[in-house]
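J.: One structure follows; several queries about it will come next.
The values are calculated or read from the model by the stated rules, or taken from the named source; none is laboratory data. Nothing here was measured: the structure is a model prediction, and the numbers come from that model. Positions of Cβ are backbone-derived with ideal geometry, glycine not excepted, and every protein chain shown enters the neighbour counts. Each accessible area value is taken on the protein alone, full model and side chains, heavy atoms only, with ligands, DNA and RNA left out. Shrake-Rupley method; radii C 1.70, N 1.55, O 1.52, S 1.80 Å.
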Amino acid sequence: MEAISTFDMLKIGIGPSSSHTLGPWRAAEKWIKELKEANVFSQVSTIKVYIYGSLSLTGKGHATDYALMLGLSGQDPEFIPIPNITTIVSKIKEEKQIEFNGEITLPFIPETNIIFKREFLPFHANGMTFEAHLASGKKTKATYYSIGGGFVVKEELKKAKKNIEIFKQFPFPITTGVELLNFCKNENKSISEIVLENEKSLHTKEHIDKELHRIWNTMLECMYTGCHTEGKLPGGLNVTRRAYDVHNTLKGKLLYTTPQEWLKTIRNTEVKFRQILKWVSCFALAVNEVNASLGRVVTAPTNGSAGVIPAVLMYYMVIENHKANFKHIKQFLLVAGEIGSIFKKGATISAAMGGCQAEIGVSSAMAAGALTELLGGTPEQVLMAAEIAMEHHLGLTCDPIGGLVQIPCIERNSMGAIKAINAAELALSSKPENAKVPLDKVVNTMWETAKDMSSKYKETSEGGLAVGIYLSDC
């Protein structure tokens, strides 16, 4: 059993990948903390990092080496100024040294100090080992696994006992959809109300509101940035940003100066079916174009699927309810986070373990359920919407061309967002008691499908589009 907060499922970080960028970054931070706790940090003379499996096979395209250098330098992915990323990495490469946690200058050549190894470690596809040589001549190592969504663990799961204790302290400990529905029924509460009670056992109301505000503001700014930035994405595929052009055709002569004003003015645009499709797609594309260019996004539940939830929430705010405010944002994010946690506990949110069904599929389910509650759906209809969204992503592979989170990843966010809205409408028009497939069954099915899936389709760029489309074609 895991104690998973909304703030575990929705993390602010740097693109392009939660498992391949944010995870290694956080692992570097954890390693530095362990060295300090062992009182050997000041004795470190050289460091190396070995990365394995999927983390290695698509590491270059996912900027894993950048993330490791930034994490080892003591930078925080939530707050580092975006322009500083390339400045710090370039300095390390040019000077052939690194400011270890900003405290110790060590020799460091990325090509030799970060070693990409194709073999897989047994515990998880995204393994990495940090190695330090000490002034005494001794050597210390630590192995971490990036298990998706920015979550990082060690194989021995040292904190498992503490995590279970926190879980037991939850007023409403939830592992499955059935348990969630039982709590809603017994307490006569909505899903968001149940989740809020759990969050209040971990944080103050003021902290919850402050962090949810920060998450939404990051999402909004990300959409705004993506819609107002043109050109090509980095990485070598020469992918042209599309959100900018789509946005220009939709906005007409709108006048605004801030993301908040932008949101309000969009409410005055035409809302025919085609325009709605374009707006939702535009929001999703914008987020993942920012993600692909090492911008700041909210992992929801992963970076590769970060565009779905903001696009659907923005749809609600600018199309469905022009009076929507923070109360609705809070409700949406709490429901989305809980649905995501059910998938994480019962299956996976890692493409390296389950293919893209574990990323876009889960994000679409999260968004569908959250939208359903905002539109007046019952808890049963919320979970029905989540099930419908995932059911139609089952078996979706992860096969990024060139190992980059661009093709087909960016477009998939727009498809996931549209499916989420459709799933919500289907659930709202249905009687849950007539449903043949409950959410927990589709969670189990997704996990069984993940285990059956060839490793070629699990974020290794060794199958599917990744080999069917030659880089020369791009």
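J.: Hey, how many Å between the Cα centroid of the stretch 262-280 and the Cα centroid of the stretch 326-364?
T.: Each part's Cα centre sits 26 Å from the other's.
J.: By per-residue mean of other Cβ atoms within 10 Å, what is the highest-first order of 412-422, 80-90, 24-34?
T.: Details: 412-422: 25.5, 80-90: 13.5, 24-34: 22.9.
So the peptides 412-422, 80-90, 24-34, ranked by packing, come out 412-422, 24-34, 80-90.
J.: Helix 273-292: angle to the longest alpha-carbon principal axis of the chain, degrees 0 to 90, nearest 10?
T.: Relative to the chain, helix 273-292 is tipped by roughly 10 degrees.
J.: What percentage of the solvent-accessible surface of the chain, computed with a 1.4 Å probe over protein heavy atoms, is contributed by carbon and sulfur atoms? Let's see the in-between values first.
T.: Working: 10150 of 19350 Å².
Within the chain, the accessible surface is 52 percent carbon and sulfur.
J.: If I fit a long axis through the Cα atoms of helix 439-452 and take the longest principal axis of the Cα atoms of the chain, what angle between them do I get, 0 to 90°, rounded to 10?
T.: It is inclined by approximately 40 degrees.
J.: Counting helices only, and only those DSSP H runs with n ≥ 4, report the 222 nm mean residue ellipticity of the chain as the sum of -39,500 (n - 2.57) divided by its residues, in deg cm²/dmol to the nearest 500.
T.: Numbers: 21 runs with 241 residues, N = 474.
Result for the chain: -15500 deg cm²/dmol, rounded to the nearest 500.
J.: Show me 143-151, 261-269 ranked by packing, highest mean number of other Cβ atoms within 10 Å first. Please list the in-between numbers first.
T.: On the way: 143-151: 25.7, 261-269: 15.9.
The peptides rank, most packed first, as 143-151, 261-269.
J.: Quick check: from the Cα gyration tensor, does the stretch 5-162 come out rounded (a/c under 1.5), prolate or oblate? If you can, show how the numbers build up before the last one.
T.: Details: a/c = 1.33, a/b = 1.12, b/c = 1.19.
In terms of gyration-tensor shape, rounded.
J.: Along the stretch 187-192, what does the Karplus equation 6.51 cos²θ - 1.76 cosθ + 1.60 (θ = phi - 60°) give for ³J(HN,Hα), rounded to whole Hz, x for Gly and Pro?
T.: Rounded to whole hertz, the list is 9, 6, 10, 6, 4, 4.
J.: Using a probe radius of 1.4 Å on heavy atoms only, what accessible surface per residue do you get for the stretch 15-123? Whole Å² is fine. Working shown, then result.
T.: Details: 4610 Å² over 109 residues.
Per residue, the stretch 15-123 has an accessible area of 42 Å².
J.: Then there is this: Arrange the peptides 296-302, 271-277, 47-53 so that the one whose residues have, on average, the most other Cβ atoms within 10 Å appears first. Present the calculation step by step, with values, prior to reporting the outcome.
T.: Values: 296-302: 29.1, 271-277: 11.9, 47-53: 21.7.
In decreasing order of mean packing, 296-302, 271-277, 47-53 become 296-302, 47-53, 271-277.
J.: Here is a further query. For the stretch 413-474 and the stretch 27-70, what is the centre-to-centre distance using only Cα atoms, to the nearest Å?
T.: 32
J.: What is the Cα centroid distance between the stretch 104-158 and the stretch 187-204, reported in whole angstrom?
T.: 37
J.: Among rounded, prolate and oblate, which fits the stretch 39-118 when a ≥ b ≥ c are the square roots of the eigenvalues of its C-alpha gyration tensor, a/c under 1.5 means rounded, and a/b larger than b/c means prolate? Mind showing how you got there, number by number?
T.: On the way: a/c = 1.61, a/b = 1.15, b/c = 1.40.
Oblate, since a/c reaches 1.5 and b/c is not below a/b.
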